[in-house]
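Enquirer: Could you have a look at this structure, given as structure tokens, before my questions?
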There are 2 protein chains.
Amino acid sequence: MIYATQDIIDTLKGARAAKGLSQRALSKRTGIPQSHISKIESGGTDIRLSSLIELARALDLDLKLVPRKAVPAVDSVVRGTVPTVSATPAIRELNRTLEAIRNLSAVYPNLSELKQLRDGFHALKTLRDVGQKLGALRDIGKRIRGLQQTGSNLAKWGSPIEQSKAAHHEANIPAEHLQALRGAVSAVQNLRNRLVHTQPWQPSPPRPAYRLDDVGEDEDG
Amino acid sequence: MIYATQDIIDTLKGARAAKGLSQRALSKRTGIPQSHISKIESGGTDIRLSSLIELARALDLDLKLVPRKAVPAVDSVVRGTVPTVSATPAIRELNRTLEAIRNLSAVYPNLSELKQLRDGFHALKTLRDVGQKLGALRDIGKRIRGLQQTGSNLAKWGSPIEQSKAAHHEANIPAEHLQALRGAVSAVQNLRNRLVHTQPWQPSPPRPAYRLDDVGEDEDG
DNA sequence: ATCATTGATATGCTTTGCTATATCATTGTT
DNA sequence: AACAATGATATAGCAAAGCATATCAATGAT
């Protein structure tokens, strides 16, 4: 519709894409129907403030009213805080897999392999030349994502209800899944080693800690 | 309702107050009914994006989605750009009178006295100790505001329709009004002289920074 | 004491966001 | 070829925004 409206919508859309979230995934996070998200992103509706804030929150964005004259400075700061303006395919792929890992963590909490995986992917994100390994990233991501769609038993893994249910009586992971996870872990470590080897003077990763709900730390790169 | 919602609403409310705009004045600017603005400000409604942007635009605010990670920096920048956290009564009074001057300018365009008045008030805003002259400011403001409510002939001065109508066949100002305007001009100049005299080493163009309450005075000539 | 301004509310009415549930065409994967 | 994921669309119904118009109490100005 209006010019400023489209700007906001585009930001939402871009942030979602950068995080590797599908409309359905975002829908499950926010409780907003996918059909509605589609309508919003195509500019076909005049979204309400509560919905906007809900979407923004799920995308780690904060809605701010900034004085017009401060806008250039604010834009500059935002650009400075967020390394690259638009997410690279590699970053999108990383975030997408990170999301899958998060979903798996909801089903299998306290699984050290998942923690290692998440740690490894976070480390990968700090490496500048990760874009050169897009193929390998997609490969690993594919394997990990494959674990969450095993039949319909995990079909609704994204919904908060199922999450809490899963957290209660912890499911036991199939042996082959565990094996796949361990394979992924070593693949990630392998990949990282190769990348670090390429750029030996890379400073040690400034991300010491990670949180369980660390998706909030993902930046659209 | 939600925290973030209230934050936005409070900003709108504060910006309006800082500009010395009544709900009705803002209503005329935006086309949004005063009753609705009241409901919005009291948190009783889930405003739509288009309305929010419309209100923001009228208050010289811009709606931004900023990455959570960048929020502290953005807040800092905004705070740094806006020296006055909350508008002082003197600034509010100044903006309120500036608004009245703008309305009069819509009725009497090309009236040099109005231009002088606006310039004078603009200059006053740059003086740090203007707060000491609140009484005088109110006095002058009262006189100026008195000119816009002469009967109902100017009752709807705020609406865009009436503004454009007025711009077409330029009304001629009553003699006593012109005289009042000239009196106000010299009063403002007098006031500014006294203030400048009080602080002789005021740096020439302080132009320190922008203010939240600083109306975009440049737009309507 | 009269009158204008302000913000809060109310009412009737229309529009539209939002939900819930599906379907569909594309695309990519096995 | 079979299958899953994606985004776009559709329908029906409910709730709420939004508009227009008024009224009212409190405040302040003349």
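Enquirer: Picking from B:SER105, B:SER50, B:SER76, which residue would you name as being in the same structural domain as B:LYS19 (by TED's automatic domain parsing) and of a type outside the set (Phe, Trp, Tyr)?
Expert: Values: B:SER105 fails: in the same structural domain as B:LYS19 (by TED's automatic domain parsing); B:SER76 fails: in the same structural domain as B:LYS19 (by TED's automatic domain parsing).
Exactly one of B:SER105, B:SER50, B:SER76 is in the same structural domain as B:LYS19 (by TED's automatic domain parsing) and of a type outside the set (Phe, Trp, Tyr), namely B:SER50.
Enquirer: Filter the stretch B:17-34 down to residues that are more than 12 Å from DNA strand D (Cβ to nearest atom) and in contact with a Ser or Thr (Cβ under 8 Å, 6 or more places away or on another chain) and give me whichever is farthest from the other protein chains (Cβ to nearest Cβ).
Expert: Going through the qualifying residues, I end up with B:GLY20.
Enquirer: Exactly one of (1) touching an Asp or Glu at 6+ places or on another chain (Cβ under 9 Å); (2) within 16 Å of DNA strand C (Cβ to nearest atom); (3) at pLDDT below 55 is unmet by A:PRO160. Its number?
Expert: Every listed condition holds for A:PRO160 apart from (1).
Enquirer: Please go through the stretch A:126-135 and give me each residue that is surrounded by 19 or more Cβ atoms within 10 Å (Cβ to Cβ) and assigned to a helix (DSSP H, G or I), ordered by number. Walk me through how you get there before you give the answer.
Expert: Let us first name the residues in the stretch A:126-135 that are surrounded by 19 or more Cβ atoms within 10 Å (Cβ to Cβ), namely A:127, A:130, A:133.
Result: A:VAL130, A:LYS133.
Enquirer: Answer yes or no as to whether B:SER86 is under 22 Å from B:ASP129 (Cβ atoms) and either among the hydroxyl-bearing types (Ser, Thr, Tyr) or within 13 Å of DNA strand D (Cβ to nearest atom) (or both).
Expert: On the way: under 22 Å from B:ASP129 (Cβ atoms): yes; either among the hydroxyl-bearing types (Ser, Thr, Tyr) or within 13 Å of DNA strand D (Cβ to nearest atom) (or both): yes.
Against the criterion (under 22 Å from B:ASP129 (Cβ atoms) and either among the hydroxyl-bearing types (Ser, Thr, Tyr) or within 13 Å of DNA strand D (Cβ to nearest atom) (or both)), B:SER86 qualifies.
Table: residues versus (1) within 11 Å of another protein chain (Cβ to nearest Cβ); (2) touching a Lys or Arg at 6+ places or on another chain (Cβ under 7 Å); (3) modelled with pLDDT of 95 or more.
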site: B:LYS39; (1), (2), (3): no, no, yes
site: B:GLY44; (1), (2), (3): no, no, no
site: B:LEU52; (1), (2), (3): yes, no, yes
site: B:THR88; (1), (2), (3): no, no, no
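To keep it simple, each residue is scored yes or no on (1) of a type in the set (Val, Ile, Thr); (2) surrounded by 15 or more Cβ atoms within 10 Å (Cβ to Cβ); (3) under 23 Å from A:ARG16 (Cβ atoms).
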{"position": "B:SER27", "(1), (2), (3)": "no, yes, no"}
{"position": "B:THR30", "(1), (2), (3)": "yes, yes, no"}
{"position": "B:ILE40", "(1), (2), (3)": "yes, yes, no"}
{"position": "B:THR45", "(1), (2), (3)": "yes, yes, no"}
{"position": "B:ALA58", "(1), (2), (3)": "no, yes, no"}
{"position": "B:VAL74", "(1), (2), (3)": "yes, yes, yes"}
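Enquirer: Separate question: What helices (runs of 4 or more DSSP H), lying completely within the stretch B:1-93, carry at least 1 residues that are free of Cβ contacts under 8 Å to residues at least 24 places away in the same chain and more than 8 Å from DNA strand C (Cβ to nearest atom)?
Expert: In the stretch B:1-93, the matching helices (runs of 4 or more DSSP H) lie at B:3-18, B:23-30, B:49-58, B:71-81.
Enquirer: A further question follows. Kindly provide the set of residues from the stretch B:35-46 that are out of contact with any strand residue (DSSP E or B) (no Cβ under 7 Å at 6 or more places or on another chain) and near DNA strand D (Cβ under 6 Å from one of its atoms), ordered by number.
Expert: Within the stretch B:35-46, the subset out of contact with any strand residue (DSSP E or B) (no Cβ under 7 Å at 6 or more places or on another chain) is B:35-45.
Answer for the stretch B:35-46, where residues must be out of contact with any strand residue (DSSP E or B) (no Cβ under 7 Å at 6 or more places or on another chain) and near DNA strand D (Cβ under 6 Å from one of its atoms): B:SER35, B:HIS36, B:THR45.
The values are calculated or read from the model by the stated rules, or taken from the named source; none is laboratory data. Here the structure is a predicted model, which means the values were calculated and not measured. Glycine gets a Cβ as well: all are built from the backbone with ideal geometry, and neighbour counts include every protein chain shown.
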